[in-house]
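Take a look at the structure below.
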Amino acid sequence: MKYKLLVFIIGVFALNSAYAQNPPRSYIAYKTIDEIEIDGRAEEASWKEAPRSKDFIDIEGDKVPKYQTYMKMVYDEDNLYFYAKMKEPHIWGTLKQRDTVIFYNNDFEIFIDPDGDTHNYMEFEMNALNTVWDLFIVKPYREPAPIVDSWDIQGLQSAVHISGTLNDASDEDDYWSVEVAIPWEVLKEANIHNNIPEEEFWRVNFSRVNWDFDLTEGRYSRKKDKNGEYLPEYNWVWSPQGVINMHEPEHWGYVYFSSKNAGEQDEFEIPEDEKVKWMLYKLYRKHKNYFSKNKKWASSISEIENKPIKLNGETLQPKLETHLAGWNIAVISPFTGKQYIIREDGKILTSKIK
């Protein structure tokens, strides 16, 4: 199946990958102030007033990409809107069939995890031909689970604008931009409630895949080395992952949905409890590594972490529990009193301690 090829390509089964070198980025999405026409141009007042994201960075977070990329987001009562502008001197695309592996062309990608538990998230990709690939992912690829490749975003709108000439190597292009509208009715399917997440945040990230290219009789294709193997792609993202793998949702950025209109000002800070969850994912990885080395699971937290865990002056006291179906690591937040549990498959659960 197609997703098995994906797993092979990006090495998603590696359990000892490094944590993100930088904390996730955040962005505030405001309400629209006029009607959005999906044409790839973003000429409406809502887009002009919407904040521009930081420029994309290399996925590992330590290199500046060759070409600039940025994104914007706004929303109304019907849709969540995305816009991205990508500088590119050679704009090309060959894939025309929906739900093919779009990142074999230069592409733009959107990843959305509404409830932030790293499970049941959405991936969307498109190329300069406006060919799209949308899929629903039950669990990150590190944990075996179905990938719903036949899932389609009902009511999707997308468009591409090209400042230059598509698939024409005789000149130099300027940029291509994409505009996407995803209905809330689709996005709410993976959320914890059926309401628009006003004054809430979601985990979101964006990726731009870019390839070195060959030209054969005027036709673009991915560049190969002297042995006939494709050169590796460039992965440029909004919020750095710290590892070449987009399918670690715990590293994605934070998008806060303001109740204010585009052009107004709001504030958002990543809550302290999110940092508690980041700690749980570090322990999750350490426990997986412990199993790889010892061929058994640990019986206590001290076997995988023997130093006190400090967070903003507070000491966290995680507890490991093993059971017939697997294991959990639980911790009570010193900031809110909520209990967070990470399962053996990486899913985060939340409960309030009475």
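The values are calculated or read from the model by the stated rules, or taken from the named source; none is laboratory data. From a predicted model like this one, the values you see are computed outputs, not experimental measurements. Heads up, the Cβs are rebuilt from the backbone with ideal geometry, glycines too, and the neighbour counts pull from every protein chain shown. Heads up: the accessible areas ignore ligands, DNA and RNA and are worked out on the full protein's heavy atoms, side chains in. Shrake-Rupley method; radii C 1.70, N 1.55, O 1.52, S 1.80 Å.
Here are the numbers:
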{"quantity": "Selection count, region 72-121, where residues are out of contact with any strand residue (DSSP E or B) (no Cβ under 6 Å at 6 or more places or on another chain), within 24 Å of residue 197 (Cβ to Cβ) and open to solvent by 10 Å² or more (accessible area, probe 1.4 Å)", "calculated": "5"}
{"quantity": "Complete set of residues in region 144-165 that are surrounded by 15 or more Cβ atoms within 10 Å (Cβ to Cβ) and within 30 Å of residue 35 (Cα to Cα)", "calculated": "151, 152, 153, 156, 157, 158, 159, 160, 161, 162, 164"}
{"quantity": "Failed item in (1) aromatic (Phe, Trp, Tyr); (2) within 18 Å of the chain's Cα centre (by Cα); (3) open to solvent by 10 Å² or more (accessible area, probe 1.4 Å), with residue 124 passing the rest", "calculated": "(3)"}
{"quantity": "Pairs where the first residue, in region 37-53, is at positive phi and the second is among the polar types (S, T, N, Q) and modelled with pLDDT of 95 or more, C-beta under 9 Å, 6+ apart", "calculated": "40/130; 40/158; 40/177; 42/177"}
{"quantity": "Pair list, Cβ under 8 Å, 6 or more apart: region 73-98 residue among the small types (Gly, Ala, Ser), other residue open to solvent by 20 Å² or more (accessible area, probe 1.4 Å) and assigned to a loop (DSSP other than H, G, I, E, B)", "calculated": "93/129; 93/166; 93/167"}
{"quantity": "Counted residues, region 240-270 - those being within 15 Å of residue 113 (Cα to Cα) and outside any loop (DSSP other than H, G, I, E, B)", "calculated": "8"}
{"quantity": "Odd one out for residue 228 among (1) surrounded by 15 or more Cβ atoms within 10 Å (Cβ to Cβ); (2) of a type outside the set (A, V, I, L, M); (3) part of a loop (DSSP other than H, G, I, E, B)", "calculated": "(1)"}
{"quantity": "Single residue of 170, 239 found to be among the small types (Gly, Ala, Ser) and under 16 Å from residue 29 (Cβ atoms)", "calculated": "239"}
{"quantity": "Pairs, first over 19 Å from residue 310 (Cβ atoms) and among the charged types (D, E, K, R) in region 325-345, second open to solvent by 20 Å² or more (accessible area, probe 1.4 Å) and at pLDDT 95 or above, C-beta under 6 Å, six or more apart", "calculated": "343/328"}
{"quantity": "Extreme residue, modelled with the highest pLDDT, among residues of region 15-53 that are open to solvent by 50 Å² or more (accessible area, probe 1.4 Å) and small (Gly, Ala, Ser)", "calculated": "26"}
{"quantity": "In region 173-216, the residues that are of a type in the set (Phe, Trp, Tyr) and part of a loop (DSSP other than H, G, I, E, B)", "calculated": "211"}
{"quantity": "Subset of region 136-172 [farther than 16 Å from residue 85 by Cα, without any contact (Cβ under 8 Å) to a residue 60 or more places away in the chain and either assigned to a strand (DSSP E or B) or β-branched (Val, Ile, Thr) (or both)]", "calculated": "136, 138, 148, 153"}
